[in-house]
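Visitor: Pasting a structure below so you can have a look.
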Amino acid sequence: MRCGFRYAIRSMAARVSGKGSVVVAKFARILRAFSCPLPLPGKIPFEVTSSMPTPFESAQLNLQIFDLRREPVLREARAWFLNEFNPESFDQLMVTMRSDRNPSLRMVLGYWEMAASMVTTGAIDAAAFRAAHSEIIGTFAKLHPFLKELRESFGEPELFRHLETVVMATPDAEALLARRRDSLRAAARARQSKEKTA
């Protein structure tokens, strides 16, 4: 496999700390690093620096990325992100970023940013990736309303660009994100209500 993802490994390694670095290391062993440009949102695929993978190679990478999700610390962080993390404002997002859940937040977003980079650099077929990893839609749905403010706040205009590109290339992406965001929030409220009456 010869498509580049050095940007993802370098940038996410700076954002994922502690045990999350295990995931970064595993990603680094999956592919060899070659430089590649960042894509524009919604533009998949774009020109890569080397030959495209075969369907078999693409499927292998897809399975390896899926297998990484079983890493215990990442699994717990993903469960928290999907079930409990439901910011309704940028201020709420920033409160979480300053809390003890900061490592979980960075780990989940870092994982999906790196996984998405396999698509934007041409290593994995975009449609096959989205079919196998629908969780990425729910993950990005929670970040999407605040992404512009987050980039401005950190002075990083390319922050989570791979993640954004992959998700926004989905047909009817805006409507899908809104539906997923609403359903995840409703599920969280239902769980909280059930816990109160238990």
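For (1) under 30 Å from residue 149 (Cα atoms); (2) modelled with pLDDT of 95 or more, each residue gets a yes or a no:
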{"position": "5", "(1), (2)": "yes, no"}
{"position": "18", "(1), (2)": "yes, no"}
{"position": "31", "(1), (2)": "no, no"}
{"position": "38", "(1), (2)": "yes, no"}
{"position": "55", "(1), (2)": "no, no"}
{"position": "69", "(1), (2)": "yes, no"}
{"position": "80", "(1), (2)": "yes, yes"}
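Visitor: What residue, of 190, 131, is over 14 Å from residue 109 (Cα atoms) and more than 17 Å from the chain's Cα centre (by Cα)? Quick ask: steps written out before the conclusion?
Guide: Values: 131 fails: more than 17 Å from the chain's Cα centre (by Cα).
Step by step, each of 190, 131 is checked, and only 190 is over 14 Å from residue 109 (Cα atoms) and more than 17 Å from the chain's Cα centre (by Cα).
Visitor: Related question: Looking only at the range 54-90, filter to residues that are hydroxyl-bearing (Ser, Thr, Tyr) and loosely packed, with under 13 Cβ neighbours inside 10 Å; which one of those is nearest to residue 181 (Cα to Cα)?
Guide: Looking only at the range 54-90, we keep the residues that are hydroxyl-bearing (Ser, Thr, Tyr), and these are 54, 58, 89.
Filter once more, so that each one left must be loosely packed, with under 13 Cβ neighbours inside 10 Å: 54, 89.
Details: 54: 34, 89: 13 Å.
Taking the candidates together, the pick is 89.
Visitor: Please enumerate the residues belonging to the range 72-122 that are among the β-branched types (Val, Ile, Thr), touching a residue at least 12 places away in the same chain (Cβ under 8 Å) and in a helix (DSSP H, G or I).
Guide: Of all residues in the range 72-122, those among the β-branched types (Val, Ile, Thr) come to 73, 95-96, 108, 119-121.
Restricting the remaining residues to those that are touching a residue at least 12 places away in the same chain (Cβ under 8 Å) gives 73, 108, 119-121.
Correct list: 73, 108, 119, 120.
Visitor: Output the residue which, of all residues in the range 132-171 that are among the hydroxyl-bearing types (Ser, Thr, Tyr) and within 21 Å of residue 83 (Cβ to Cβ), is modelled with the highest pLDDT. Steps first, answer last, please.
Guide: In the first step, residues of the range 132-171 are kept if they are among the hydroxyl-bearing types (Ser, Thr, Tyr); the result is 134, 139, 153, 165, 170.
Still in the list and also within 21 Å of residue 83 (Cβ to Cβ): 134, 139.
Details: 134: 93, 139: 97.
Only one residue fits best here, namely 139.
Visitor: For the range 127-155, which residues satisfy the criterion of being of a type in the set (D, E, K, R), touching a residue at least 40 places away in the same chain (Cβ under 8 Å) and either farther than 15 Å from residue 63 by Cα or exposed (fewer than 14 other Cβ atoms within 10 Å of the Cβ) (or both)? Step through it out loud before you land on a result.
Guide: First, pick out the residues of the range 127-155 that are of a type in the set (D, E, K, R): 130, 135, 142, 148-149, 151-152.
With the extra rule that they be touching a residue at least 40 places away in the same chain (Cβ under 8 Å), the set shrinks to 130, 135, 142, 149.
Selection gives 142, 149.
Visitor: Can you tell me which residue is surrounded by the most Cβ atoms within 10 Å (Cβ to Cβ) among those in the range 165-174 that are in contact with a helix residue (DSSP H, G or I) (Cβ under 7 Å, 6 or more places away or on another chain) and assigned to a helix (DSSP H, G or I)?
Guide: Just the residues of the range 165-174 that are in contact with a helix residue (DSSP H, G or I) (Cβ under 7 Å, 6 or more places away or on another chain), to begin with: 165-167, 169-170, 173.
Pick out the ones that are also assigned to a helix (DSSP H, G or I) and you get 165-167, 173.
On the way: 165: 22, 166: 30, 167: 25, 173: 19.
The extreme case among them is 166.
Visitor: So the check is Cβ under 9 Å with 6+ separation or different chains; which pairs have a first residue in the range 157-176 that's of a type in the set (Phe, Trp, Tyr) and a second one that's in a helix (DSSP H, G or I) and surrounded by 19 or more Cβ atoms within 10 Å (Cβ to Cβ)?
Guide: What qualifies is 160/109; 160/112; 160/113; 160/116; 160/140; 160/143.
Visitor: Can we say residue 159 is in contact with a helix residue (DSSP H, G or I) (Cβ under 7 Å, 6 or more places away or on another chain), of a type in the set (A, V, I, L, M), assigned to a loop (DSSP other than H, G, I, E, B) and surrounded by 18 or more Cβ atoms within 10 Å (Cβ to Cβ)? Full working, then the answer.
Guide: Numbers: in contact with a helix residue (DSSP H, G or I) (Cβ under 7 Å, 6 or more places away or on another chain): yes; of a type in the set (A, V, I, L, M): yes; assigned to a loop (DSSP other than H, G, I, E, B): yes; surrounded by 18 or more Cβ atoms within 10 Å (Cβ to Cβ): yes.
When the stated conditions are applied, residue 159 passes them.
Visitor: Return the total of residues in the range 92-129 being in contact with a Ser or Thr (Cβ under 8 Å, 6 or more places away or on another chain), among the aromatic types (Phe, Trp, Tyr) and more than 16 Å from residue 143 (Cβ to Cβ).
Guide: 0
The values are calculated or read from the model by the stated rules, or taken from the named source; none is laboratory data. These figures come from a predicted structure and were not determined experimentally. For neighbour counting, all protein chains shown are included, and Cβ atoms are generated from backbone atoms with ideal geometry for every residue, glycine included.
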